[in-house]
1. Tell me yes or no: at least one residue of region 110-121 is touching a Lys or Arg at 6+ places or on another chain (Cβ under 6 Å), assigned to a loop (DSSP other than H, G, I, E, B) and open to solvent by less than 40 Å² (accessible area, probe 1.4 Å).
2. Can you tell me which condition residue 190 does not meet? The list is (1) farther than 25 Å from residue 7 by Cβ; (2) crowded, with 18+ Cβ neighbours inside 10 Å; (3) in contact (Cβ under 8 Å) with a residue 60 or more places away in the chain, and all the others hold.
3. Find the residue count for region 142-187, including only residues that are open to solvent by 30 Å² or more (accessible area, probe 1.4 Å), over 21 Å from residue 216 (Cα atoms) and outside any helix (DSSP H, G or I).
4. What is the residue count in region 10-39 for residues that are in contact with a helix residue (DSSP H, G or I) (Cβ under 6 Å, 6 or more places away or on another chain) and closer than 30 Å to residue 236 by Cα?
5. Does region 81-98 hold any residues that are open to solvent by 50 Å² or more (accessible area, probe 1.4 Å) and within 28 Å of residue 166 (Cα to Cα), and which are they?
6. Please state which one of 125, 129 is under 16 Å from residue 175 (Cα atoms), over 19 Å from the mean Cα position of the chain (by Cα), touching a residue at least 24 places away in the same chain (Cβ under 8 Å) and open to solvent by less than 40 Å² (accessible area, probe 1.4 Å).
7. What pairs can you find where one residue is in region 200-222 and touching a residue at least 60 places away in the same chain (Cβ under 8 Å), the other is open to solvent by 30 Å² or more (accessible area, probe 1.4 Å), and their Cβ atoms are less than 8 Å apart, with a gap of 6+ or different chains?
8. Give the residues of region 221-248 that are open to solvent by 50 Å² or more (accessible area, probe 1.4 Å) and assigned to a helix (DSSP H, G or I), sorted by residue number.
Amino acid sequence: MEYNKYSLVFKGRGFEYFKILLVNMILTTITLGLYYPWAKARTLHFFYGNTHFNGQPFVFTGTGEQMFKGFIKAFLILLCLYGLVIYLSLNEQELVAAALLYIILLFIIPLAIHGSYRYRFAKTIWSGIRFGYMGNKWELLMLCIKGTFLTIVTIGIYGAWFAMNLRRYLLCNVKIGDARFSYKGVGSEYFWLNVKGYLLSIFTFGIYFFWWQKDLFAYFINNLRLTKGDQTMLLKSTATGGDFLALIMVNLLLFVFTLGLATPWIVIRSMRFLLANMVLDGTIAFDELRQTQENFDDATGEDLTDFFDFGFII
């Protein structure tokens, strides 16, 4: 079976991203926030279109109109939720309101993540092949309820296992055509990785922090792979602690000395750094991928995760 090396590069430019952010900010402001879904669509089109795998760009096919509909649904859901909480609080039922808020959020957040994954991957295409997310929302909900409960009763210790279980469930249900991703990270390794990083960062007065970030990045990347039958593509990080030190310090200096105006260039150079430090090789014949994933247009989950300010887990 032929062994191949694959390339993953980001070709976006800081000034181009700066113009997109500037226009998005102006239009979102003068429309009192209503332009936000179109602003997000423009941003995603930029990042997807400038990310190339094996010489071909990714394509994001989502639209502002779809995300606007999801935005309205997400807004109404949260409006009803907070309206109920405020009503109970005004009627001197603060404890009931607080308990109800946490319970509802415990249910809404996993469903929002599920919906976000379904929409985002259904709108992601590479070389004419659509991605897809095959997870079950009720399985994800039970995983999150269990993880939240055990994290609370263990005073946060179980958080490392919860994080890895969540990442593994989500990524193992992502497909591109008839190829599936898998993730091998486990809670115990992730827990001790963070304990080591935290303690050594303290003992070295923060110097080890950059090596800690290198270890986390490597753990996320090295445990991710793509499989299609007996074919596999492996990912490996090549970044060093010194690389992360240079990246973060230069980004910090750019941000401070430009009073934040260099943020678009900081984002671009960070994207280039992360993708340039991924080695991808294996035996998958990407020209043999078959289209198996369906389209999905409901962006409510995508917008709910924005309201909760979640990053996209990958």
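The values are calculated or read from the model by the stated rules, or taken from the named source; none is laboratory data. Quantities reported herein were computed from a predicted structural model and do not represent experimental measurements. Note that each Cβ is placed from the backbone with ideal geometry, even for glycine, and that neighbours are counted across all protein chains shown. Side chains are part of the model used for accessible areas, which takes the heavy atoms of the whole protein and leaves out ligands, DNA and RNA. Shrake-Rupley method; radii C 1.70, N 1.55, O 1.52, S 1.80 Å.
1. Looking through region 110-121, none of the residues is touching a Lys or Arg at 6+ places or on another chain (Cβ under 6 Å), assigned to a loop (DSSP other than H, G, I, E, B) and open to solvent by less than 40 Å² (accessible area, probe 1.4 Å).
2. Unmet for residue 190, out of (1) farther than 25 Å from residue 7 by Cβ; (2) crowded, with 18+ Cβ neighbours inside 10 Å; (3) in contact (Cβ under 8 Å) with a residue 60 or more places away in the chain: (3).
3. Taking region 142-187 and keeping what is open to solvent by 30 Å² or more (accessible area, probe 1.4 Å), we get 142-143, 145-146, 148-158, 161-163, 165, 167-169, 172, 175, 178, 180-181, 184, 186.
Okay, now just the ones that are also over 21 Å from residue 216 (Cα atoms), so 142-143, 145-146, 148-150, 152-155, 175, 178, 180.
Subset that is outside any helix (DSSP H, G or I): 154-155, 175, 178, 180.
Adding up the residues that qualify gives 5.
4. At the first step, the residues of region 10-39 found to be in contact with a helix residue (DSSP H, G or I) (Cβ under 6 Å, 6 or more places away or on another chain) are 10, 12, 14, 17-18, 20-21, 24, 28, 35-39.
Pick out the ones that are also closer than 30 Å to residue 236 by Cα and you get 10, 12, 14, 17.
Number satisfying all stated conditions: 4.
5. Within region 81-98, just 82 meets the criteria.
6. Details: 125 fails: over 19 Å from the mean Cα position of the chain (by Cα).
Every option except 129 fails the conditions.
7. Sorted first by the residue in region 200-222, then by its partner, the pairs are 217/274.
8. Keep residues of region 221-248 that are open to solvent by 50 Å² or more (accessible area, probe 1.4 Å), which gives 222, 225, 229-230, 234, 236, 238, 240, 243, 245-246, 248.
Once the filter is applied, which keeps residues that are open to solvent by 50 Å² or more (accessible area, probe 1.4 Å) and assigned to a helix (DSSP H, G or I), region 221-248 yields 222, 243, 245, 246, 248.
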